[in-house]
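A short write-up of the structure that comes next.
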Amino acid sequence: MSQALERHWYRLTPVSLLLAPLSLLFCLLAVLRRQLYRQRLLPAVQLPVPVIVVGNITVGGTGKTPLVIWLAELLRAHGYRPGIVTRGYRGRSRHCRVRSAPTPGRRGRRRSGAAGAPGRCSGVAGPDRVTDARRLLAQGCNVIISDDGLQHYRLRRDIEIAVLDGSRRLGNGLCLPAGPLREPAARLGQVDLRVTNGAPQAGELGMQLDPQRFCRLTDSAMCAGTEVFAGRPVHAVAGIGNPQRFFATLRDLGLEVVPHAFPDHHGFGPQDLQFGDDMPVIVTEKDAVKCRRFGRPHHWVLAVAARPDPRLATEILKLLKERFGGQETA
């Protein structure tokens, strides 16, 4: 979606009202599609292990992936062997490993590496979540986490977690193309847990994204503390749903930010990180995946970690125990 259209998603304007009939049709089709899967009129796959979906009902980032990493670490700490499936950048199939975020004083610890190392879980990104989930089962995973999979109904789920942006919420409350909703707002009443990136409302659990460190885009093993750029001017580049949140985070760290906002899911090219000077350029973790192949030494990534309300861990483990006996496997 273009930035011009997105500007109409967070308030009622003549453009959004003009598109309202299409929005109503989109909502109806979304509800019909879900019902067809629920009534088993469209085929869906039930896996022999629990499937936990982390997603949202709005277009744009809300902090889902950091929460997925936190969830994988939680499950590992309780004896499960989680595997993560995600569509990935442009749906290209690839294998990845996700490992625990670094503890203070342990700079340079990567989020990716060889299989089987302590603190890691398997992950696959590709166009077919069912196939990827089965591949993870063959590797010994006994819980599947589907990143941004709330609308992917072909993979049956046992626990649904919806993530909301605490500042933008549901925008103007309209479905695409008049608003940012992928499904009607009532869908939030049907999920198991609602997590808000920011200040939660009634029935929601809060979550913060804590800055961890800056890592060089061209070498993720070379990292430094968040104080390294304090007081310095930097170019901040973000092609995410709410780039202003990223810019605000950098300013809170004491950086002098020159912001460069791109549309969500922007396909970055080398020219997007060139500004005619040698000032540090800082990108989000989400955008780093698209920029790494043409990165330069002065390009950096801000790594963040999810810090949800402690009650979220209790609720997730409780649901697993109630629905699956909570068997923890070493």
Legend entry - Residues of type aspartates and glutamates that K318 reaches as a straight line, Cα spacing below 20 Å, ignoring anything fewer than 8 places off in the same chain: E73, D158, E160, D192, E204, D309, E328
Inset, instruction - Only helical DSSP H runs with n ≥ 4 go in: add -39500 (n - 2.57) per run for the chain, normalise by residue count and round the 222 nm mean residue ellipticity to 500 deg cm²/dmol. - result: -7500 deg cm²/dmol
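Contour minus end-to-end for Q139 and R232, with contour as 0.36 nm per residue of separation and end-to-end as the Cα-Cα distance?
Working: separation 93, 0.36 × 93 = 33.48 nm, distance 4.59 nm.
Full extension of this stretch gives 28.9 nm more.
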Inset, instruction - Excluding G231 itself, calculate the net charge of residues whose Cβ lies under 12 Å from the Cβ of G231, where each Lys or Arg counts +1 and each Asp or Glu counts -1. - result: 0
Inset, instruction - Read phi for every residue in the range 222-238 and hand back ³J(HN,Hα) as whole Hz from Karplus 6.51 cos²θ - 1.76 cosθ + 1.60, θ = phi - 60°, with x for Gly and Pro. - result: 9, 10, 9, x, 5, 8, 5, 9, 4, x, 9, x, 9, 8, 10, 10, 8
Inset, instruction - For the chain, set up a Gaussian network in which alpha carbons nearer than 10 Å are linked by springs, and say which option among G79, G123, G239 fluctuates the most. - result: G79
Legend entry - Farthest toward positive dipole pole in the chain [+1 Lys/Arg, -1 Asp/Glu at C-beta], among W300, I52, L188: I52
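Report in % the part of the accessible area of the chain that belongs to carbon and sulfur, leaving out ligands and nucleic acids; probe 1.4 Å. Don't skip to the answer; put the middle values down first.
Values: 8330 of 15170 Å².
Ligands and nucleic acids excluded, carbon and sulfur reach 55 percent.
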Inset, instruction - Be a star and scan the range 215-240 for residues whose amide nitrogen sits under 19 Å from the point 7 Å along the Cα-to-Cβ vector of S167. - result: 234-240
Inset, instruction - Please tell me the relative contact order of the chain in percent, rounded to the nearest whole number, where contacts are Cα pairs under 8 Å and at least six residues apart. - result: 21 percent
Legend entry - Interchain or long-range residues, amide H under 5 Å from L255's placed H: G231
Inset, instruction - Quick one: which residues, 5 or more positions from G123 or on another chain, have an amide H under 5 Å from its amide H? H modelled 1.01 Å from N in the peptide plane, none for Pro or chain starts. - result: I84, C96, V98
Inset, instruction - Quick one: which residues, 5+ away or cross-chain, put their amide H under 5 Å from the amide H of N56? H built at 1.01 Å from N. - result: L150, V163
Legend entry - Set of lysines near K286 by C-alpha distance (under 27 Å), chain-local residues within fewer than 8 positions excluded: K64
Inset, instruction - Work out from phi, with θ = phi - 60° and the Karplus expression 6.51 cos²θ - 1.76 cosθ + 1.60, the ³J(HN,Hα) of each residue of the range 46-63, listed in order in whole Hz, and give x for Gly and Pro. - result: 9, 7, x, 10, x, 10, 10, 9, 10, x, 8, 10, 10, 6, x, x, 10, x
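Can you pull out the GluC sites (Glu not before Pro) in the range 219-285 that DSSP calls coil and that have at most 12 other Cβ atoms within 10 Å? Please list the in-between numbers first.
Numbers: sites: E227, E256, E285; in loops: E227.
Here the GluC sites (Glu not before Pro) that fit, given the DSSP loop and packing criteria, are E227.
To the nearest 20 debye, what charge dipole does the chain have about its Cα centre, counting +1 at the Cβ of each Lys and Arg and -1 at the Cβ of each Asp and Glu? Intermediate values should be presented prior to the final figure.
Working: 47 positive and 27 negative charges, 195 e Å.
Charge dipole of the chain: 940 debye, to the nearest 20.
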Inset, instruction - Obtain the nm distance between the two label points defined at R296 and D192 by a simple spin-label model: each point lies 7 Å from its Cα along the Cα-to-C-beta direction. - result: 4.7 nm
Inset, instruction - Could you state the accessible area per residue of the chain in Å², with a 1.4 Å probe and every protein chain left in place? - result: 46 Å²
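The values are calculated or read from the model by the stated rules, or taken from the named source; none is laboratory data. All of these numbers come straight from a predicted model, not from anything done at the bench. With ideal geometry, Cβ positions are generated from the backbone for all residues, glycine too; neighbour counts draw on all protein chains shown. With ligands, DNA and RNA removed, areas are computed over all heavy atoms of the protein, side chains included. Shrake-Rupley method; radii C 1.70, N 1.55, O 1.52, S 1.80 Å.
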